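Trainee: Structure in structure tokens, see below.
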Amino acid sequence: MLNNIINFANYWWFRYLMVTELYVVEKWERVTIHVIFMVLFCVFWYFNYSVLLSVTGNIFGYSPIANGLLPPLPHGAAGVKVTS
Amino acid sequence: MGNLDDASAGFEQSYVHSNGNGSVKSSTPISNGHIPNHTTFVEQRQKSDEQQQQNGEETEEQLLRLKELKFSAPAYTEIRTRSGGLNFKNAEEGSYHPANGHVEKSGKRSDKFKPSQADGILSAEQEHYQKTSFEDVPLHTACLTYLGFYLLMILGYINQLLFVPKVATEKARDGYVTLYDAFESFYSRYVYRRVRDCWNRPICSVPGDELILKDRVTDDYGWSFRFTGTETRCLNLGSYNYLGFASATGRCADESEQRAREKGLAYCSSRCELGNTQLHIDLERLTARYCGVEDAIVFGMGFATNALNLPALLGPKCLVVSDEKNHASIILGLRLSGATTKVFKHNSMKDLERVLRNGVCYGNPKDGGKPYKKILICVEGIFSMEGSIVRLPEIIALKKKYKAYLYLDEAHSVGSMGPNGRGVVDYFKADPKDVDILMGTFTKSFGSAGGYIAGTKKLIDYLRANSHAHCYAGSISPPIVQQIYTSMSIIMGDDGTNTGRNKIQQLARNTRYFRRRLAQIGVITYGHEDSPVVPMLVYLFSKIGAVIRTLTTRHIAVVGAGFPATPIMEGRIRFCLSAAHTKEQLDYALDVIDDVSENLGLKYSRKPRDPNPIEY
């Protein structure tokens with residue numbers, strides 16, 4: 001069972017390396033690219049979280065995170081700025 | 001998996017030891033840390049040999065053993081598979097040896113044989129579209145290919161920034177401009193170098209249906225290679241040995257050897273001086289008869305036949321309409337000639353007609369709109385990278401309509417196409433006299449070297465006087481001429497046997513079977529169904545490397561082609577079929593290709609697949 005999962009993960013990791021051409025590069029280059037990928041992902045995530053979410057919240061008057069966490073908004077409030 | 005079917009248990013054990021538990025020095029992605037520990041194996045072998053000697057064994061057997069020892073281990077390891085490791089269905093599958101006689105698995109021999117010939121039932125255009133396939137790339141693969149290429153470039157630039165290799169800096173060259181183009185050096189150092197082990201592989205045998213690769217490994221990611229001392233015997237799906245005349249035995253080889261003993265190896269002079277012999281004249285006559293035209297002229301090098309004869313035929317005030325996939329030798333020849341070159345889309349008659357009409361109507365803009373001196377259409381018979389066949393009947397119609405000349409390069413098609421092996425002219429049953437200049441090479445189907453131009457007597461006489469390749473190049477070496485002469489007579493049936501015809505039919509059968517099976521597997525192949533050049537699209541750079549490496553472990557030698565030889569988008573593996581291949585060999589290769597394309601995700605094709613077994 002565990003072996004199967006490891007095999008499955010290994011195989012698809014290999015396929016992932018193959019389609020990104022990382023299969024042919026050296027190890028440190030692979031790490032570099034993955035670090036760059038992670039940084040990009042984090043930057044996007046932060047951007048989405050801080051900017052996009054509040055903008056869409058402002059536009060539609062609805063903020064999914066704020067709705068779940070905060071008590072209902074007082075009537076007439078334009079939106080909630082989620083980040084500090 | 002050694003490629004010895006008759007290996008003893010001791011052999012297997014020592015092999016496993018040398019690869020599995022043996023001292024693996026380093027682990028690189030290219031060699032995958034697979035360095036066969038050869039010495040222990042040799043020692044063991046020697047010990048057993050000594051014992052055998054004491055037993056009074058003959059030395060001949062010992063020699064055979066040593067020869068076997070050479071085929072021990074490939075320098076690559078298997079790729080990761082879906083089930084996570086090597087799983088051959090049976091012991092034989094992992095090793096290729098023709099003596100095994102691979103069991104017939106699919107496809108039976110069909111009784112009705114179709115020769116390599118255009119059907120002529122539909123119109124030429126309809127038949128072309130029916131038989132030629134250029135399937136589009138799936139969108140996600142296209143995006144990934146570009147992404148991957150950009151990643152490789154970015155990594156390359158980072159690499160170049162951080163580590164400058166010794167070869168990149170020249171000493172005592174202050175004040176000089178750079179001799180080499182910066183981008184080309186960059187590309188070969190940081191992109192091509194990563195999969196360099198898949199190209200320029202040294203071989204050490206005749207490239208017949210099988211060949212022997214010299215194993216090499218790299219410890220520094222492709223900067224340098226080290227020979228392991230082992231050799232791998234592979235099924236050869238890469239050489240242009242279409243009719244199987246590349247061989248060290250048989251009639252061709254014997255007669256060439258005889259000729260070399262009689263006449264030596266070179267005339268040390270050009271044809272115009274003291275290098276013209278009856279042998280050359282006979283060959284030219286035979287070539288003319290072979291092509292069905294008045295006269296022919298032969299040259300010692302196929303590439304130079306194009307590159308040096310086109311400038312003799314064309315001048316600066318001429319227009320050349322050239323197919324976009326034409327070979328480098330044609331492009332070089334056109335550049336040397338200084339003629340205006342207009343390129344038309346690959347095999348597109350509409351575009352060809354547009355270019356021709358514009359050329360005829362508007363004339364030469366560099367010359368104030370005066371008409372061009374002559375217009376030449378330049379095409380190939382089989383396009384070597386695309387595997388497609390020229391649309392000859394339609395081009396001949398267009399050339400007659402616009403009164404242009406036609407230059408047909410039959411480098412790959414001569415010998416391999418047509419019921420009589422006379423190239424695409426024979427395939428389409430066209431009149432060879434409709435093609436003004438018939439060019440071809442002896443390098444491929446004839447298993448020799450050189451090229452020819454055939455046409456009217458007037459054309460050939462003109463070339464004899466004006467061609468640089470005739471006047472300045474040394475004349476062809478006698479054994480080479482003999483090889484061409486003998487193989488050509490065999491193809492023509494002049495030797496009184498059916499060998500040539502059988503070879504042509506075998507190739508046609510192999511081609512159709514291989515292409516259909518590939519389509520059934522679900523990979524994308526390009527080109528015409530009767531063309532023995534079969535490009536299989538893998539798109540990604542790393543997949544070219546992975547496929548070639550994996551196929552080498554399964555004892556199949558193939559050739560890959562990537563950027564810059566093809567567009568970035570279209571990395572491919574090119575199979576060249578041969579009449580020397582048997583059905584069993586092709587079946588083995590196809591089974592392996594099926595397995596590999598499953599594991600690497602090469603089954604891009606979205607066409608419906610034939611569920612029935614393909615008939616051979």
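Trainee: Among the residues of segment B:244-278, which ones are in contact with a Leu (Cβ under 9 Å, 6 or more places away or on another chain), assigned to a loop (DSSP other than H, G, I, E, B) and surrounded by fewer than 17 Cβ atoms within 10 Å (Cβ to Cβ)? First the steps, then the outcome.
Mentor: Going residue by residue through segment B:244-278, those that are in contact with a Leu (Cβ under 9 Å, 6 or more places away or on another chain) are B:244, B:259, B:263, B:267-268.
Adding the requirement that they be assigned to a loop (DSSP other than H, G, I, E, B) leaves B:244, B:267-268.
Within segment B:244-278, B:Cys268 is the sole residue that qualifies.
Trainee: Scan segment A:48-55 and give yes if some residue there is assigned to a helix (DSSP H, G or I) and either among the charged types (D, E, K, R) or modelled with pLDDT of 90 or more (or both), otherwise no.
Mentor: Checked segment A:48-55: at least one residue is assigned to a helix (DSSP H, G or I) and either among the charged types (D, E, K, R) or modelled with pLDDT of 90 or more (or both).
Trainee: A:Lys27 versus (1) charged (D, E, K, R); (2) at the interface with chain B (Cβ under 7 Å from one of its Cβ atoms); (3) under 27 Å from B:Phe163 (Cα atoms): which is the lone unmet condition?
Mentor: (2)
Trainee: To continue, here is another question. Inspect all residues belonging to segment B:404-415 and state whether any of them is in the same structural domain as B:His468 (by TED's automatic domain parsing), of a type in the set (Asp, Glu) and part of a strand (DSSP E or B). So that I can check it myself, show each step before the final result.
Mentor: Residues of segment B:404-415 in the same structural domain as B:His468 (by TED's automatic domain parsing): B:404-415.
Within this subset, residues satisfying the condition of being of a type in the set (Asp, Glu) are B:409-410.
Then keep just the ones that are part of a strand (DSSP E or B); that gives B:409.
Scanning segment B:404-415, I find at least one residue that is in the same structural domain as B:His468 (by TED's automatic domain parsing), of a type in the set (Asp, Glu) and part of a strand (DSSP E or B), so the answer is yes.
Trainee: So B:Lys458 ticks every box in (1) touching a helix residue (DSSP H, G or I) at 6+ places or on another chain (Cβ under 8 Å); (2) at negative phi but one. Which box is left unticked?
Mentor: Of (1) touching a helix residue (DSSP H, G or I) at 6+ places or on another chain (Cβ under 8 Å); (2) at negative phi, only one is false for B:Lys458: (1).
Trainee: To continue, here is another question. Looking only at segment B:567-585, filter to residues that are among the aliphatic types (A, V, I, L, M) and within 19 Å of B:His528 (Cα to Cα); which one of those is farthest from the other protein chains (Cβ to nearest Cβ)?
Mentor: Keep residues of segment B:567-585 that are among the aliphatic types (A, V, I, L, M), which gives B:568-569, B:573, B:577, B:579-580.
Okay, now just the ones that are also within 19 Å of B:His528 (Cα to Cα), so B:573, B:577, B:579.
Values: B:Ile573: 15, B:Leu577: 27, B:Ala579: 35 Å.
Taking the candidates together, the pick is B:Ala579.
Trainee: How about segment B:174-222: which of its residues are surrounded by fewer than 16 Cβ atoms within 10 Å (Cβ to Cβ), without any contact (Cβ under 8 Å) to a residue 60 or more places away in the chain and aromatic (Phe, Trp, Tyr)?
Mentor: B:Tyr176, B:Tyr180, B:Phe183
Trainee: Would you confirm whether or not segment A:1-13 contains a residue that is under 30 Å from B:Tyr190 (Cα atoms), at pLDDT 90 or above and at the interface with chain B (Cβ under 7 Å from one of its Cβ atoms)?
Mentor: The initial filter retains those residues of segment A:1-13 that are under 30 Å from B:Tyr190 (Cα atoms), namely A:9-13.
Then drop every residue that is not at pLDDT 90 or above, which leaves A:9-13.
Now restrict to residues that are at the interface with chain B (Cβ under 7 Å from one of its Cβ atoms): A:10-11.
The answer is yes, given that some residue of segment A:1-13 is under 30 Å from B:Tyr190 (Cα atoms), at pLDDT 90 or above and at the interface with chain B (Cβ under 7 Å from one of its Cβ atoms).
Trainee: Tell me which helices (runs of 4 or more DSSP H) are completely within segment B:461-547 and hold 1 or more residues being out of contact with any helix residue (DSSP H, G or I) (no Cβ under 7 Å at 6 or more places or on another chain) and without any contact (Cβ under 8 Å) to a residue 60 or more places away in the chain, or say none if there are none.
Mentor: Values: elements: B:468-471, B:478-492, B:499-521.
Because the criterion is at least 1 residues that are out of contact with any helix residue (DSSP H, G or I) (no Cβ under 7 Å at 6 or more places or on another chain) and without any contact (Cβ under 8 Å) to a residue 60 or more places away in the chain, the helices (runs of 4 or more DSSP H) in segment B:461-547 that meet it are B:499-521.
Trainee: Please go through segment B:448-485 and give me each residue that is small (Gly, Ala, Ser) and in contact with a Phe, Trp or Tyr (Cβ under 9 Å, 6 or more places away or on another chain), ordered by number. Outline the logic, then answer.
Mentor: Taking segment B:448-485 first, the residues small (Gly, Ala, Ser) are B:448-451, B:454-455, B:465, B:467, B:469, B:473-475, B:477.
B:Ser448, B:Ala449, B:Gly450, B:Gly451, B:Ala454, B:Ser467, B:Ala469, B:Ala473, B:Gly474, B:Ser475, B:Ser477, listed by residue number.
Trainee: Being acidic (Asp, Glu), more than 28 Å from B:Gly369 (Cα to Cα) and in the same structural domain as B:Lys444 (by TED's automatic domain parsing) is the requirement here; does B:Asp323 meet it?
Mentor: On the way: acidic (Asp, Glu): yes; more than 28 Å from B:Gly369 (Cα to Cα): no; in the same structural domain as B:Lys444 (by TED's automatic domain parsing): yes.
Taking the combined requirement at face value, the residue does not satisfy it.
Trainee: Across segment B:427-452, what is the total count of residues that are under 22 Å from the mean Cα position of the chain (by Cα) and not in a strand (DSSP E or B)? Lay out the reasoning, then the answer.
Mentor: First pass over segment B:427-452, keeping only residues under 22 Å from the mean Cα position of the chain (by Cα): B:427, B:438-452.
If we keep only those that are not in a strand (DSSP E or B) as well, we get B:427, B:442-450.
So the answer is 10.
Trainee: Given (1) within 14 Å of chain A (Cβ to nearest Cβ); (2) farther than 30 Å from B:Glu410 by Cα; (3) in a helix (DSSP H, G or I), where does B:Lys603 come up short, assuming only one miss?
Mentor: Condition (3) is where B:Lys603 drops out.
Trainee: For segment B:145-167, which positions are assigned to a helix (DSSP H, G or I) and aliphatic (A, V, I, L, M)?
Mentor: At the first step, the residues of segment B:145-167 found to be assigned to a helix (DSSP H, G or I) are B:145-162, B:166-167.
Those that are assigned to a helix (DSSP H, G or I) and aliphatic (A, V, I, L, M): B:Leu147, B:Leu151, B:Leu152, B:Met153, B:Ile154, B:Leu155, B:Ile158, B:Leu161, B:Leu162, B:Val167.
Trainee: For B:Glu170, indicate whether it is part of a loop (DSSP other than H, G, I, E, B), surrounded by 10 or more Cβ atoms within 10 Å (Cβ to Cβ) and away from every other protein chain (no Cβ under 11 Å). Steps first, please.
Mentor: Numbers: part of a loop (DSSP other than H, G, I, E, B): yes; surrounded by 10 or more Cβ atoms within 10 Å (Cβ to Cβ): yes; away from every other protein chain (no Cβ under 11 Å): yes.
In short, yes.
Trainee: Now for a different question. Looking only at segment B:141-190, count every residue that is among the acidic types (Asp, Glu) and within 30 Å of B:Arg606 (Cα to Cα) and tell me the total. Break it down stepwise before answering.
Mentor: Residues of segment B:141-190 that are among the acidic types (Asp, Glu), as a first pass: B:170, B:174, B:181, B:184.
From what is left, the residues that are within 30 Å of B:Arg606 (Cα to Cα) are none.
Here the count works out to 0.
Trainee: Which members of segment B:519-548 meet the condition of being charged (D, E, K, R) and crowded, with 23+ Cβ neighbours inside 10 Å? Full working, then the answer.
Mentor: Here is the first cut: in segment B:519-548, the ones charged (D, E, K, R) are B:529-530, B:543.
Within segment B:519-548, B:Asp530, B:Lys543 qualify.
Trainee: Does B:Ser188 satisfy the criteria of being outside any loop (DSSP other than H, G, I, E, B), touching a Lys or Arg at 6+ places or on another chain (Cβ under 9 Å) and in the same structural domain as B:Met153 (by TED's automatic domain parsing)?
Mentor: On the way: outside any loop (DSSP other than H, G, I, E, B): yes; touching a Lys or Arg at 6+ places or on another chain (Cβ under 9 Å): yes; in the same structural domain as B:Met153 (by TED's automatic domain parsing): yes.
For B:Ser188, the condition - outside any loop (DSSP other than H, G, I, E, B), touching a Lys or Arg at 6+ places or on another chain (Cβ under 9 Å) and in the same structural domain as B:Met153 (by TED's automatic domain parsing) - is met.
Trainee: Answer yes or no as to whether B:Leu590 is within 14 Å of chain A (Cβ to nearest Cβ) and at pLDDT 90 or above. Before the answer, list the steps.
Mentor: Working: within 14 Å of chain A (Cβ to nearest Cβ): no; at pLDDT 90 or above: yes.
When the stated conditions are applied, B:Leu590 does not pass them.
Yes/no per residue for (1) small (Gly, Ala, Ser); (2) surrounded by 22 or more Cβ atoms within 10 Å (Cβ to Cβ); (3) within 14 Å of another protein chain (Cβ to nearest Cβ):
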{"residue": "B:Tyr452", "(1), (2), (3)": "no, yes, no"}
{"residue": "B:Ser475", "(1), (2), (3)": "yes, yes, no"}
{"residue": "B:Ile484", "(1), (2), (3)": "no, yes, no"}
{"residue": "B:Met492", "(1), (2), (3)": "no, no, no"}
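Trainee: So, one more: Taking segment B:289-339 as the region of interest, how many residues are assigned to a loop (DSSP other than H, G, I, E, B) and among the small types (Gly, Ala, Ser)?
Mentor: First pass over segment B:289-339, keeping only residues assigned to a loop (DSSP other than H, G, I, E, B): B:292-294, B:300-301, B:314-318, B:324-327, B:338-339.
Within this subset, residues satisfying the condition of being among the small types (Gly, Ala, Ser) are B:292, B:300, B:315, B:338-339.
Looking only at that region, the number is 5.
Trainee: Does any residue in segment B:128-144 that is assigned to a strand (DSSP E or B) come within less than 8 Å, Cβ to Cβ, of a residue that is among the acidic types (Asp, Glu) and surrounded by 15 or more Cβ atoms within 10 Å (Cβ to Cβ) six or more places away or on a different chain, and which pairs are these?
Mentor: The qualifying pairs are B:Thr132/B:Glu529; B:Ser133/B:Glu529.
The values are calculated or read from the model by the stated rules, or taken from the named source; none is laboratory data. Keep in mind the model is a prediction, meaning the values are calculated, not measured. With ideal geometry, Cβ positions are generated from the backbone for all residues, glycine too; neighbour counts draw on all protein chains shown.
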